[in-house]
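Written below as structure tokens is the structure these notes are about.
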């Protein structure tokens with residue numbers, strides 16, 4: 001079981017809270033640095049923006065465009081092209097967490113453009129699918145739990 | 001159980017529920033309604049008492065089993081309640097220096113939508129609009145820092 005926290009996210013002047021974790025991506029022999037990831041239970045795919053591809057996948061933007069094509073539409077944004085690559089994603093709750101979970105052979109799509117709110121989204125398709133995501137909403141101490 | 005048996009035996013001839021009742025029933029109907037009707041009154045009374053004792057003993061066993069089951073269920077409820085509080089009770093996650101810093105800067109408009117590099121004891125060491133750009137800025141020293149993102153509506 002993984003356990004993490006919600007972070008304050010400002011959209012305009014209004015703040016809301018969203019569940020964030022820490023993730024690193026492995027593809028072939030390349031393992032990325034650990035970065036922030038939004039656990040987006042409402043998204044269909046695992047997504048990153050193309051300006052993170054070099055760091056997370058170890059590939060140039062041109063190489064990335066040779067991946068499995070898909071057209072996606074993020075909330076309120078025009079449809080963009082995306083390119084899928086099979087990777088392993090290692091997830092943990094916070095920089096202090098000892099527990100990790102590895103999502104092996106999942107499809108990570110690289111959006112040919114920016115993404116709203118966060119540049120790395122872990123979505124349902126081969127990501128959070130089949131897991132129980134529990135949102136503990138306790139005033140200022142919001143936590144999430146992820147269980148198989 | 002022996003004490004109970006003794007009490008019942010001493011009273012059965014007077015008690016209409018036992019011997020008295022059996023005798024009265026025999027006088028009124030001329031029929032014992034028992035398989036051992038030819039053996040005699042005392043034996044008939046004893047067989048009734050034995051039957052009742054067997055029934056009482058059986059009920060007692062059933063009740064003991066129910067009470068044991070209740071005790072087990074109570075233990076399980078206490079254990080589940082403890083686990084529920086452990087998982088869902090209000091408590092703070094151990095928050096690292098990096099997460100605390102990110103939370104503190106979340107309200108700063110100039111950092112919203114930025115990728116940031118944080119070093120313990122120093123704070124912000126680099127910031128950029130994209131992750132690849134941030135890593136280029138760090139120029140190979142990204143292993144000593146925590147890389148994060150200050151959420152914002154960037155597209």
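Coordinate-derived values only; no laboratory data. Computed from a predicted structure; not experimentally measured. For neighbour counting, all protein chains shown are included, and Cβ atoms are generated from backbone atoms with ideal geometry for every residue, glycine included.
On a per residue basis, the convex hull of the C-alpha atoms belonging to region A:67-135 measures out at 118 Å³. Residue by residue along A:48-60, Cβ atoms of other protein chains within 10 Å of the local Cβ number 4 on average. The label-point distance for residue A:100 and residue B:125, in a model that sets each label 7 Å from Cα toward Cβ, rounds to 2.0 nm. Taking label positions 7 Å along the Cα-Cβ direction at both residue B:71 and residue B:85, the computed distance is 2.4 nm, reported to one decimal. For the pair residue B:108/residue B:136, report the inter-label distance in nm, with labels modelled 7 Å from Cα in the Cβ direction. Modelled inter-label distance: 2.3 nm. Mean partner shielding of peptide A:16-25, defined as the number of other chain Cβ atoms within 10 Å of each residue Cβ, is 1. Within region A:21-53, list the residues whose amide N lies under 17 Å from a label point set 7 Å along Cα→Cβ of residue A:60. In region A:21-53, the label zone of residue A:60 (backbone N under 17 Å from the point 7 Å along Cα→Cβ) covers A:50-53. Neighbouring Cβ atoms from other chains, within 10 Å of the Cβ of residues in B:124-132, number 4 on average. Judged by the mean number of other Cβ atoms found within 10 Å, the most tightly packed of the peptides B:146-152, B:133-139, A:98-104, A:16-22 leads the ranking B:146-152, A:16-22, B:133-139, A:98-104.
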